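Comments concern the structure below.
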Amino acid sequence: MPLKIKVAAVSYLNTKPLLYGLEHSTLRNDMDIVVDYPSQLAKGLQDNSFDIALLPVAAIPGIPNSRVIGDYGIAAHGKVASVALFSHEPMEKIETVYLDYQSRTSVRLAQLLLKHYWKKEVQYIPATENYIDNLNGAKAGVIIGDRALMQLHNFNYVYDLSAAWKDYTGLDFVFAAWVANKELPSAFIKAFNEANAEGLKHIDTVVAENPFPHYDLHTYYTENIKYYLDREKLKGMQKFLEMIKE
């Protein structure tokens with residue numbers, strides 16, 4: 001019996017349309033699908049626990065034999081809503097920034113923007129699990145994913161990192177892409193790509209299956225998140241990878 005291909009994705013709402021496509025595809029019996037924090041996916045690809053992961057872009061250079069597969073991922077053309085710097089004080093008063101432990105890409109994006117776009121020198125603190133409770137006064141924090149959507153109305157200032165990137169570079173931003181750590185059958189990759197595309201045709205079903213009172217998921221899936229990685233998205237991804245290399 002052939003081994004199943006191990007596929008990993010992040011455990012956030014933003015992946016639900018893509019996962020819906022995979023779960024309902026003809027490939028379902030050929031895959032083991034797991035979900036975890038973005039920061040854990042790179043480790044899984046490195047030690048061969050996974051064959052494919054919806055990998056945070058900043059982690060791609062650290063994966064031996066990495067290759068982006070298919071045309072889909074998690075990106076934005078401006079405001080993304082679920083990746084932001086949250087603060088009770090305006091940017092000019094921020095002195096300390098807690099860095100969300102769940103995603104390397106969002107953390108690196110925040111650091112780049114604080115240095116080059118907002119031109120701020122701040123102290124960075126690795127966040128612990130309950131760090132959101134510590135965000136007060138001159139202490140701000142990067143919050144991502146579902147928790148970010150839940151916090152949008154709880155802070156005086158929300159600096160959307162994708163919108164800031166767009167303003168700074170003029171480019172779209174790619175947060176994650178499907179990355180494999182080995183050569184995979186071309187027929188599988190084609191069917192995998194088609195499954196992603198099919199999932200995006202069922203947004204209303206995905207919204208109905210994932211009740212979320214904090215933010216309109218239809219808006220999130222159709223306006224904030226851009227799943228198809230077109231040429232403009234890939235150009236933004238390349239720019240980001242060049243900047244973090246420097």
So in the chain, what percent of DSSP beta bridges are antiparallel if you round to the nearest 5? 60
Within the chain, what whole-number % of the accessible surface is contributed by carbon and sulfur, with the 1.4 Å probe and all protein chains included in the calculation? 49
Determine the sum of side-chain charges near TYR72: Lys and Arg each +1, Asp and Glu each -1, restricted to other residues whose C-beta is under 12 angstrom from that of TYR72. -2
Note the per residue figure in Å³ for the convex hull of the C-alpha positions in the stretch 1-98. 143
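What length, rounded to one decimal in nm, is gained on full extension from ASN154 through to LYS182, with 0.36 nm per residue of separation minus their alpha-carbon distance?
5.7 nm
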Can you list the trypsin sites (Lys or Arg not before Pro) in the stretch 173-230 that are in a DSSP coil and have 16 or fewer other beta carbons within 10 angstrom? LYS182
If R0 is 22 Å, what FRET efficiency do you get for GLU223 and GLU23 from their C-beta distance, rounded to 0.05? 0.35
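What number do you get for the stretch 1-47 when its Cα radius of gyration is normalised by 2.2 N^0.38 Å, N = residues?
1.20
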If I stretch the segment between LYS190 and THR128 completely, what's the gain in nm (0.36 nm per residue apart, minus their alpha carbon distance), one decimal? 18.3 nm
Can you compute the FRET efficiency between ASP32 and THR96 using 1/(1 + (r/R0)^6), with r the Cβ-Cβ distance and R0 = 45 Å? Round to the nearest 0.05. 0.65
Estimated 222 nm signal from helices in the chain, with DSSP H stretches of n ≥ 4 weighted -39500 (n - 2.57), rounded to 500: -9000 deg cm²/dmol
Translational diffusion coefficient (Stokes-Einstein; Kirkwood radius from C-alpha pairs) of the chain at 25 °C, 0.890 mPa s, in µm²/s: 133
Which one, THR169, THR96, THR219, has the greatest fluctuation when you compute a Gaussian network model over the chain with C-alpha springs under 10 angstrom? THR219
Once Lys and Arg are counted +1 and Asp and Glu -1 for all other residues with Cβ under 14 Å from that of ALA138, the total becomes -1
Pop out the ³J(HN,Hα) list for the stretch 114-130 in order, Karplus 6.51 cos²θ - 1.76 cosθ + 1.60 with θ = phi - 60°, rounded to Hz; leave Gly and Pro as x. 4, 6, 9, 9, 8, 6, 10, 9, 9, 8, 9, 10, x, 7, 9, 4, 9
Sparse-neighbour loop sites [GluC sites (Glu not before Pro); the stretch 74-121; at most 14 other C-beta within 10 Å; DSSP]: GLU95, GLU121
Surrounding charge for TYR220, neighbours by C-beta under 15 angstrom, Lys/Arg +1, Asp/Glu -1, total -2
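Of LYS43/LYS190; LYS182/LYS239; LYS139/LYS226; LYS166/LYS239, which sit over 21 Å apart, Cα to Cα?
Table pairs above 21 Å Cα-Cα are LYS43/LYS190; LYS182/LYS239; LYS139/LYS226.
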So, relative contact order of the chain in percent, Cα under 8 Å, 6 or more apart, is 32
Using a Gaussian network model of the chain with C-alpha springs under 10 Å, which one of GLU129, GLU223, GLU89 is most mobile by mean-square fluctuation? GLU129
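The values are calculated or read from the model by the stated rules, or taken from the named source; none is laboratory data. The shown structure was predicted, so the numbers you read here are calculated from the model rather than taken from an experiment. Note that we place each Cβ from the backbone using ideal geometry, even for glycine, and neighbour counts take in every protein chain shown. These accessible areas exclude ligands, DNA and RNA; they are computed on the full protein's heavy atoms, side chains included. Shrake-Rupley method; radii C 1.70, N 1.55, O 1.52, S 1.80 Å.
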